[in-house]
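I have placed the structure first, in the form of structure tokens, so that the comments after it can refer back to it.
Read-outs throughout are calculated quantities, based only on the coordinates presented, and are distinct from any laboratory measurement. Given the structure is predicted, the values throughout are model-derived calculations rather than measurements. Glycine also receives a Cβ, built like all others from the backbone with ideal geometry; neighbour counts cover every protein chain displayed.
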Amino acid sequence: MRYHNITKDDMLNGDGLRVVLWVSGCSHCCKGCHNPITWDPNGGLAFDGEAKEEIFAELAKDYISGITLSGGDPLYFGNRSDVLRFVRELKGKFPEKTVWLYTGFVWETISGLEIMDYIDVLVDGEFQEGQKNTQLYWRGSANQRVINVPASRAEGKLVLHCR
């Protein structure tokens, strides 16, 4: 897996104060995307032990709510196994921290993936420029959904995350 940036003390990409990992690789290539530099799966930097420890050091701070995985797309096919290993380790070390994940894939096609065992909130769906709305919390276009993953999986139906 490769990444472009680690943002600290972020308040825009999920609830609370968060760390954001901006991964490389996206096959959706949405028109109007705010971060097209992350589309190239070979762009950015190698996600190595140093990057992981930088994130873990931030998550160790009690005022950090959790991590958000964005990009690019953390569920880009070339990222899936590395992202799964990372969030599995992260949840083992920091079970109280929330994990948010942004993806262009929709819940109905990814809800059965093992990685969802470790995700608290999923923002799904491709960004659609025609549905862009800057008044929405945590999403860029009205078609995207902010999903409570544990509740959705337990109830067997879509449960939206409410603010």
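Using only the C-alpha atoms, the convex hull of the range 54-119 corresponds to 88 Å³ per residue. For the range 148-157, putting each phi into the Karplus relation 6.51 cos²θ - 1.76 cosθ + 1.60 with θ = phi - 60° gives couplings of 7, 5, x, 5, 5, 6, 5, 8, x, 8 Hz, in residue order, rounded to whole numbers and with x for Gly and Pro.
Note on the chain: GNM, Cα springs under 10 Å; of Arg85, Arg145, Arg18, the largest mean-square fluctuation is that of Arg85.
Here's how it looks for Asn5: its modeled amide H is under 5 Å from those of Trp22, which are all 5 or more places away or on a different chain. Seen from Ile115, the other residues with C-beta closer than 9 Å to its C-beta sum to a net charge of 0, counting Lys and Arg as +1 and Asp and Glu as -1.
Report, in whole Å, the centroid distance computed from the Cα atoms of the range 39-117 and the range 1-36. The distance from the Cα centre of the range 39-117 to that of the range 1-36 comes to 10 Å.
Adding -39500 (n - 2.57) for every DSSP H run of four residues or longer, then dividing by how many residues the chain holds, sets the calculated 222 nm ellipticity at -6000 deg cm²/dmol.
Between Ser141 and Gln128, Asn133, the built amide H atoms are under 5 Å apart, and every one of these is 5 or more places off in sequence or on another chain. Here the contact order of the range 1-112, divided by its residue count and restricted to Cα pairs under 8 Å and six or more residues apart, works out to 30 percent.
Sort the range 6-161 into rounded, prolate or oblate with this rule: let a ≥ b ≥ c be the square roots of the eigenvalues of the Cα gyration tensor; rounded if a/c is under 1.5, and if a/c is not under 1.5, prolate when a/b is larger than b/c, oblate otherwise. Verdict is rounded for the range 6-161. The shape of the range 1-90 can be summarised by an equivalent ellipsoid whose semi-axes, obtained from the alpha carbon gyration tensor, come to 21, 15, 11 Å from longest to shortest.
Here the 3J(HN,Hα) profile of the range 100-114, calculated from phi with Karplus coefficients 6.51, -1.76 and 1.60 at θ = phi - 60°, is 9, 9, 9, 8, x, 6, 9, 3, 4, 9, 10, 4, x, 5, 4 Hz, Gly and Pro shown as x. Projecting the Cα atoms of Ser152, Val87, Leu17 onto the charge dipole of the chain (Cβ charges, centred on the Cα centre) puts Ser152 farthest toward the positive pole.
About its Cα centre, the dipole of the range 25-163 is roughly 420 debye, where the only charges are +1 on Lys and Arg Cβ and -1 on Asp and Glu Cβ. Phi angles of the range 28-38 translate, via the Karplus equation with coefficients 6.51, -1.76, 1.60 and θ = phi - 60°, into HN-Hα couplings of 7, 6, 5, 4, x, 3, 7, 9, x, 4, 8 Hz per residue; Gly and Pro are given as x.
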